[in-house]
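Reviewing the structure listed below.
Computed from the coordinates by the stated procedures, all read-outs in this text should not be read as laboratory data. Here the structure is a predicted model, which is why all the values come from computation and not from measurement. A quick note on method: Cβ atoms are made from the backbone with ideal geometry, for glycine too, and the neighbour counts reach across all protein chains shown.
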Amino acid sequence: MSSEKGVLSGSFFMQGDVACAEGAITAGCRFFAGYPITPATEIAQRMAARMPQIGGTYIQMEDELGSMNAVLGASWAGVKAMTATSGPGFSLMMENLGLGIMTETPCVLVNVQRGGPSTGLPTLVAQGDMMQARWGAHGPYEIIALAPSSPQELFDLTIRAFNLSERFRTPVLIMTDAEVGHMTERVVIPPPEEVTIVPRRKPRIPPGDGYQPYVADDDLVPPMAVAGEGYRIHVTGLTHDERGYPATSDDSAQWKLIQRLVNKIRLYKDEIIEVEELYLEDAEVVVVSYGIAARAAMWPIELAHREGIKVGMLRLITVWPFAEEKIRALAERARAFVVPEINWGQIALEVERCAAGRVPVYLVPHPGGDIHKPEQVLAAIRRAVA
Amino acid sequence: MSEPTLRTEAKAVEPEAAPQERHPMDDLLREERLPHIWCSGCGIGTALTCFISALLKSGLDLDKVVVVSGIGCTGRVAGYVRLDSFHTTHGRAIPFATGLKLANPELKVVVFSGDGDLVTIGGNHFIHAARRNIDMTVICVNNFNYGMTGGQAGATTPVGAVTTTTPYGNYEHPFNLPYLAAASGAVYVARWTVLHVRRLERAISEALAKRGFSFVEVVSPCPTNFGRRHKQRTGLDTLRYYHERGIIRHGADPRSVDIELGGDIIEGKFIDIEKPTFSDCCAGIVQKAIAQ
């Protein structure tokens, strides 16, 4: 089979959405369920063309509720699975994102963000779903969300998302946007043997020897048996004990389960959090941003340098869990934070929380529909040093 | 002082006793989870018995049989079967099962849930899985109301029925489930009440053996929330009604099998046809995909 029909490698001029699909394929994804929605449709289209070529399954579901569930089902059949959507579909996926978190189901959910609320701006960029990514499913939980700012990074982070989802047995979100998704740039796909793939953690005891689906290893992540392996597992969205059985009348079960679900991510956040730091050594102003907004902030930062302003950039590649310690440390030595994001203040709230009143935080809001103009970010940087 | 002596004797023989006789279905039930939550007179247990019975006779590799349920009283079935089993979200058992089946075609996937779950909140998934002819068996226990939440009306509630949300009688037109399934593309459609246990078991056997989307509606009493508001105070009263008004009519046109409050219940096998499944059709395009 030629590489064209298998897992790709080489250098390509590739759209972000397509790079995302290829990243998934490289990571071993062999199941995609989705529903057409701008600006994520190209991911589904690529998967529809590619899945049959590589022994995978593509299914266009009746809605995003179905898509998310089919992905969970596929993961419980032992196959790496992904779905991709945008705002309105993301809202519908929240219900079963919760099921994925509760049942500890590895899978990847891509949100190519567009303007909202509601139908909003279907074809145009926004970053308005960042808090929905954090808290959109009901109940207490931790989530992992990554924010790429180029097609290459969308490729790379899709692989990372699959690896994190298997490592931590949890759904992982890729929070990209219409600009990155629809941007076409050079994407280098390494040969498969150079790509690190995290395999699923399997039970170390055979069926019948007392395997319990939710007995966790020391790192709080339980090995995962799937359907058809003979373990006769029971999996429920209800609060459950280590056997996987509902335990709704025993309040200690809820305490135990939630603490583990939260801590399996929170205690290992250093393994998850990835940031890019630019000019931070002597920065008086720190621009904290992510995705396309971070990329658009690079030019105003250069302009500010020409004016002699010491400004640096902390780009959040992992948005959730939040890089709290990094922000707290910067709050000790910087004079201000500037947070450009294409929403009306979401990640800025987190920066404020971590700055804890020590230094001011200047939000550079944008309602969506376009990226910031350089002068908007530059004005905020100037004000921060005034 | 004979009583203590008797006790001692009884105690003394216990360890010597022969191994307790096991019920033939014990291996397929999670005994440690029993007793179940279902009310006295409820029909779900009977439906489950018929399913287990059909499964034991099916010759299927039970390690490959997966039961998927949604939410509600019948949704608890997944929790009682000693099989790979998934208790999912409300209405979403079918798309979850779709993912399982397509990702591992070796699995025998059974969706076992209630009417509110499968055809009210989950109606969209139901019709599309039938349309695609996904290879799965769907067993729907229809008790005409939302039992677990205290007897509210749903998409199957007959006109005139009094429920906690239709205090003056239901005025919405209900779904006729065999018609819905058949019109959507199911290859096997049957309906039985829980009174007709042997026929129900046989229908489930046939559905399990069928390739494609097979559907069995199980008409079932809910004395706690539905029956007692309709002069059927006990499950037995409802079974008597099934006995009096159940009419077996195999091959009946699904359009003609509406259930009216207190009216006839047409039962039987209505649809049994052959049609390529989703996976059959999908396999047909692989060569094309590789060639392009």
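Pairwise alpha-carbon distances in chain A exceed 26 Å for 52% of all pairs. Reported value for the stretch A:125-170: 72 Å³ per residue, from the convex hull of its C-alpha atoms. Reported to the nearest whole Å, the Cα centre-to-centre distance from the stretch A:148-198 to the stretch A:70-127 is 15. Determine the distance separating the Cα centre of the stretch A:19-56 from the Cα centre of the stretch B:130-201; give it in Å without decimals. The two parts, judged by their Cα centres, are 36 Å apart.
Grab the beta carbon distance between B:Ser256 and B:Tyr168, set R0 = 45 Å, and tell me the FRET efficiency rounded to 0.05.
That pair, B:Ser256 with B:Tyr168, gives E of 0.95.
Taking amide H positions as modeled 1.01 Å from N, with prolines and chain starts lacking one, the residues under 5 Å from A:Cys107 and 5 or more places away or on another chain are A:Thr170, A:Val172. Taking 16 Å as the straight-line reach from the Cα of B:Lys275, the aspartates and glutamates in range (excluding those fewer than 8 positions away in the same chain) are B:Asp135, B:Glu206. Only aspartates and glutamates eight or more places from A:Lys326 in sequence, or on another chain, were considered; those with a Cα closer than 19 Å are A:Glu142, A:Asp270, A:Glu271, A:Glu274, A:Glu276, A:Glu277, A:Glu281, A:Asp282, A:Glu284, A:Glu341, A:Glu350, A:Glu352.
Within the listed set A:Val18, A:Val235, A:Val172, the Gaussian network model of chain A (springs between alpha-carbon atoms below 10 Å) gives the highest mean-square fluctuation for A:Val235. Summarising the label geometry, the points placed 7 Å from Cα in the beta-carbon direction at A:Leu278 and A:Asp209 lie 5.3 nm from one another.
In this calculation the C-beta distance from A:Glu332 to A:Trp135 is compared with R0 = 25 Å, giving a FRET efficiency of 0.35. Ordering B:His36, B:His87, A:His234 by the number of other Cβ atoms within 10 Å of each residue's own Cβ, fewest first, gives B:His36, A:His234, B:His87. Rg/Rh, computed from the Cα trace of the stretch A:1-97 with Rh as the Kirkwood radius, has the value 0.97. For A:Asp177, the residues whose modelled amide H falls within less than 5 Å of its own, excluding neighbours fewer than 5 places apart on the same chain, are A:Gln113. Each helix, a run of at least 4 DSSP H residues, gives -39500 (n - 2.57); summed and divided by the residues of the protein assembly as shown, these come to -11000 deg cm²/dmol at 222 nm.
Which whole-number percentage describes the relative contact order of chain A, with Cα contacts under 8 Å and a sequence gap of 6 or more?
Relative contact order here is 16 percent.
Using a Debye calculation, one point per C-alpha and no hydration shell, please list log10 I(q)/I(0) for the stretch A:246-305 at q = 0.16, 0.23, 0.30 Å⁻¹ in order. For the requested q values the scattering log ratios are -0.68, -0.96, -1.20. Footprinting exposure proxy ranking of A:Met14, A:Met68, A:Met94, fewest other C-beta atoms within 10 angstrom first, gives A:Met94, A:Met14, A:Met68. Taking label points 7 Å from Cα along the Cα-to-Cβ direction, B:Ile248 and B:Thr149 give a separation of 3.8 nm.
Peptides A:208-217, A:305-314 ranked from most to least packed by the mean count of surrounding Cβ atoms within 10 Å: A:305-314, A:208-217.
For the cross-link pairs A:Lys269/B:Lys108; A:Lys5/B:Lys101; A:Lys80/B:Lys288; A:Lys202/B:Lys108, which exceed 28 Å when the distance is taken from alpha carbon to alpha carbon?
A:Lys269/B:Lys108
In plain terms, chain B is cut at each of the chymotrypsin sites (Phe, Trp or Tyr not before Pro) found in a DSSP loop with at most 12 other Cβ atoms within 10 Å, and the longest leftover piece is B:1-167. In order along the stretch A:63-76, phi translates into HN-Hα couplings of 5, 6, 4, x, 4, 5, 5, 5, 5, 5, x, 4, 5, 6 Hz, rounded to whole numbers, per the Karplus curve 6.51 cos²θ - 1.76 cosθ + 1.60 with θ = phi - 60° and x for Gly and Pro.
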